[in-house]
Amino acid sequence: MKKGNILFNLDSIKTEQFAVFPENYSEDGEVKFNTSIEFKIEVEKKIIGAYLDFSFEQNNKPFLKITSGCNFEIEYTSWNQITKDNVIKIDKETLRNLASLSIGTVRGILHEKTNNSKYLSFNKFIIPPINLGEMIPNDATIEL
């Protein structure tokens with residue numbers, strides 16, 4: 001897959017955490033949604049991971065939480081383009097694209113974890129659209 005001048009392939013999908021706390025949920029309570037994103041790099045394997053943490057909460061207590069993401073293998077020539085003098089520079093468009101692909105993946109994982117399970121009542125909680133422009137406003141520079 002290509003975004004800008006960066007070529008990459010999906011390498012793996014990982015779910016780091018899935019937790020349900022039914023005791024923290026009430027049908028008539030206000031639900032808050034929280035999200036955060038973390039990018040991880042494996043220099044030796046030329047991998048960039050986009051991991052998202054989503055939680056649905058009531059009264060500042062999570063009742064549904066998932067942390068998951070995708071690892072993307074960066075093509076050799078593209079890796080060399082973004083790596084200079086022990087610094088990796090990744091443009092915000094590429095970061096947003098990797099995050100967007102990961103968000104869709106996490107939505108599917110959350111659906112499968114709650115569908116046809118004892119947590120079926122939580123299947124109605126779907127990760128809403130995310131404004132990645134706000135979450136990822138700048139390019140990333142990582143010193144190695």
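The values are calculated or read from the model by the stated rules, or taken from the named source; none is laboratory data. Predicted, not measured: the structure shown is a model, and the values here were computed from it. Cβ coordinates were reconstructed from backbone atoms using ideal geometry, including for glycine residues, and neighbour counts include every protein chain displayed. Keep in mind that these areas ignore ligands, DNA and RNA; they rest on the heavy atoms of the full protein, side chains included. Shrake-Rupley method; radii C 1.70, N 1.55, O 1.52, S 1.80 Å.
So the values come out like this:
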quantity	calculated
Sole exception among (1) under 20 Å from residue 125 (Cβ atoms); (2) aromatic (Phe, Trp, Tyr); (3) surrounded by 16 or more Cβ atoms within 10 Å (Cβ to Cβ) for residue 21, by number	(3)
Matching residues in the range 59-83 - criterion: being in contact with a helix residue (DSSP H, G or I) (Cβ under 8 Å, 6 or more places away or on another chain) and more than 19 Å from residue 17 (Cα to Cα)	59, 72, 74
Hits in the range 29-85 (condition: within 20 Å of residue 105 (Cβ to Cβ) and β-branched (Val, Ile, Thr))	35, 37, 41, 47, 48, 66, 67, 74
Of all residues making up the range 1-40, the number that are more than 18 Å from the chain's Cα centre (by Cα), more than 28 Å from residue 75 (Cβ to Cβ) and hydrophobic (A, V, I, L, M, F, W, C)	3
Filter result (exposed (fewer than 11 other Cβ atoms within 10 Å of the Cβ) and over 16 Å from the mean Cα position of the chain (by Cα)) within the range 113-131	116, 118, 120, 124
Which listed residue is β-branched (Val, Ile, Thr), open to solvent by less than 50 Å² (accessible area, probe 1.4 Å) and over 30 Å from residue 144 (Cα atoms), from 66, 109	109
Enumeration of residues in the range 1-17 that are open to solvent by less than 60 Å² (accessible area, probe 1.4 Å) and either touching a Phe, Trp or Tyr at 6+ places or on another chain (Cβ under 6 Å) or among the hydrophobic types (A, V, I, L, M, F, W, C) (or both)	6, 8
Residue match in the range 49-57 (condition: loosely packed, with under 12 Cβ neighbours inside 10 Å and farther than 21 Å from residue 137 by Cβ)	no
Residue tally, condition among the aromatic types (Phe, Trp, Tyr) and not in a loop (DSSP other than H, G, I, E, B), over the range 1-31	2
Count - residues of the range 32-89 that are touching a Ser or Thr at 6+ places or on another chain (Cβ under 9 Å), without any contact (Cβ under 8 Å) to a residue 60 or more places away in the chain and not in a strand (DSSP E or B)	2
Per-region count, the range 132-144, residues part of a helix (DSSP H, G or I) and open to solvent by 90 Å² or more (accessible area, probe 1.4 Å)	1
